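Single-structure report; data block below.
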Amino acid sequence: MTTLIINIKELLQVRETSIAKVSGAEMAILPTIKNAFLVIKDNLIADFGSMENLPPIHADKTIDATGKMVLPSWCDSHTHIVYAGNREQEFVDRINGMTYEEIANRGGGILNSAKKLNETTEEEIYNQSKARLEEVMRLGTGAVEIKSGYGLTFDGELKMLRVIQRLAQNYPITIKATFLGAHAFPLEYATNHKGYIDLIINEMLPEIAKHKLADFIDAFCETGYFTVDETQQIMEAGIKFGLKPKIHVNQFNSIGGIQAGVKYNALSVDHLEVMKPEDIEALKNTETMPVALPSCSYFLSIPYTPAREMIAAGLPLALATDYNPGSTPSGNMNFVVATACIKMKMTPEEAINAATINGAYAMGISETHGSITVGKKANLILTKPIPSYYQLPYAFGSNLIDTVLIEGEIFA
Ligand code: NIG
Ligand code: FE
């Protein structure tokens, strides 16, 4: 099956040779071809170039993209879209003055979602989660990482990971699974942290590894959650089972989580709302991708990741949604890109790089996703007719997506 897209007003994120990520000043460069064509063969990008050089092609299907932009679909490297119910009441409580931390301290927050998840059947969790997955696919996401972490019991964590596996089997979108048993301490372990960490390391991890239910290991390294030392124990155990770390750090406090992540060669360190100069320093010359989650900053009214300082220091940066019921009930990568420009002062080029190739890196899939490169997956966004790609962040509340292709097939 060959699909030909012609008359593309501008083809974005064109990389002739595959790159793993872009860092520092390179982030401001977004290579494009104006008036372009693109050929899809067997679900992969087979060729592309300027319309002037369009070779004779027998296409089974031709799409005319006059006036439209084409770009690689978003790579959302940090989500928690498998969950049960919602936390609307906590949202209203926060409007009325409570903080996220106060709500967590009264037994709400992550523990509230864990209670709901453990009371909900696997089938029902699957049905709720697939609706969210379909929603984000329609919004242009073509690869997504999904975490466990609302089970916090052996059965609950395994249930979540099986739901993620089932989503991966039933949908064409690329899904990577992360085991986040270390998301919060369940109430029964409030004074026995060692007991819960033993449960994670000695019971959950071996079972998860046996059934190949996770690619990555995560922990919420934060005051009131997992200490740096506990996070290190979790990362070390995960690595022994072949799971690369991707960890939650520096959301509310800078306590050394980044340095720990770098020490264990984490694929990514995520959140980064609170960054000290030494945190930025620790990320220099490492393979660890910093990931910012601006929708979380927006929803909780907490600081935004200091993108300008980090890029000026030569670091790469990826953008992701953090879609979850508590801190970010939104999986809209278009909003993330716009908010990164508006609030973090990233340029449109930097934000698009951060949400495509660098997001792919943060899931370990930049060889197959995140740019227009021959041989990569034909996971693409075709926009509506727009004057330039600046519209994507500029018209932040509009849905500018016309068509989404996943593995070369029209999804929406
Ligand atoms: O990434 N910070 C930790 N975990 C999630 C939110 C968890 C929740 O409130 O349910 C996050 O923001
Ligand atoms: Fe998160």
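The values are calculated or read from the model by the stated rules, or taken from the named source; none is laboratory data. The structure presented is a predicted model; accordingly, all values stated were derived computationally and were not measured. All Cβ positions, glycine included, derive from the backbone under ideal geometry; neighbour counts span all protein chains shown.
Numbers at a glance
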read-out: Of all residues making up region 129-160, the number that are within 15 Å of ligand 1 (Cβ to nearest atom) and not acidic (Asp, Glu); value: 12
read-out: Complete set of residues in region 54-89 that are of a type in the set (Asp, Glu) and either within 16 Å of ligand 2 (Cβ to nearest atom) or free of Cβ contacts under 8 Å to residues at least 40 places away in the same chain (or both); value: 76, 88
read-out: Criterion (under 29 Å from the mean Cα position of the chain (by Cα) and surrounded by 16 or more Cβ atoms within 10 Å (Cβ to Cβ)) met by exactly one of 41, 34; value: 41
read-out: Test: residue in region 267-275 that is within 16 Å of ligand 2 (Cβ to nearest atom), assigned by TED's automatic domain parsing to the domain that holds residue 215 and among the polar types (S, T, N, Q); value: yes
read-out: Per-region count, region 116-154, residues under 24 Å from residue 189 (Cα atoms) and within 16 Å of ligand 2 (Cβ to nearest atom); value: 7
read-out: Selection within region 316-342 - of a type in the set (A, V, I, L, M, F, W, C), within 26 Å of residue 180 (Cα to Cα) and surrounded by fewer than 23 Cβ atoms within 10 Å (Cβ to Cβ); value: 335
read-out: Matching residues in region 116-147 - criterion: being surrounded by 16 or more Cβ atoms within 10 Å (Cβ to Cβ) and over 24 Å from residue 320 (Cβ atoms); value: 118, 120
read-out: Hey, residue 217 part of a strand (DSSP E or B), buried (at least 22 other Cβ atoms within 10 Å of the Cβ), touching a helix residue (DSSP H, G or I) at 6+ places or on another chain (Cβ under 8 Å) and assigned by TED's automatic domain parsing to the domain that holds residue 257 or not; value: yes
read-out: Single residue of 364, 370, 359 found to be away from ligand 2 (no atom under 16 Å from the Cβ), in contact with a strand residue (DSSP E or B) (Cβ under 6 Å, 6 or more places away or on another chain) and modelled with pLDDT of 95 or more; value: 370
read-out: Residue ID - surrounded by the fewest Cβ atoms within 10 Å (Cβ to Cβ), chosen from residues in region 104-115 that are under 17 Å from residue 251 (Cβ atoms) and more than 16 Å from ligand 2 (Cβ to nearest atom); value: 105
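Table: residues versus (1) under 16 Å from the mean Cα position of the chain (by Cα); (2) closer than 17 Å to residue 389 by Cα.
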| position | (1), (2) |
| --- | --- |
| 319 | yes, no |
| 322 | yes, no |
| 328 | yes, no |
| 335 | yes, yes |
| 344 | no, no |
| 349 | no, yes |
| 358 | yes, no |
| 363 | yes, no |
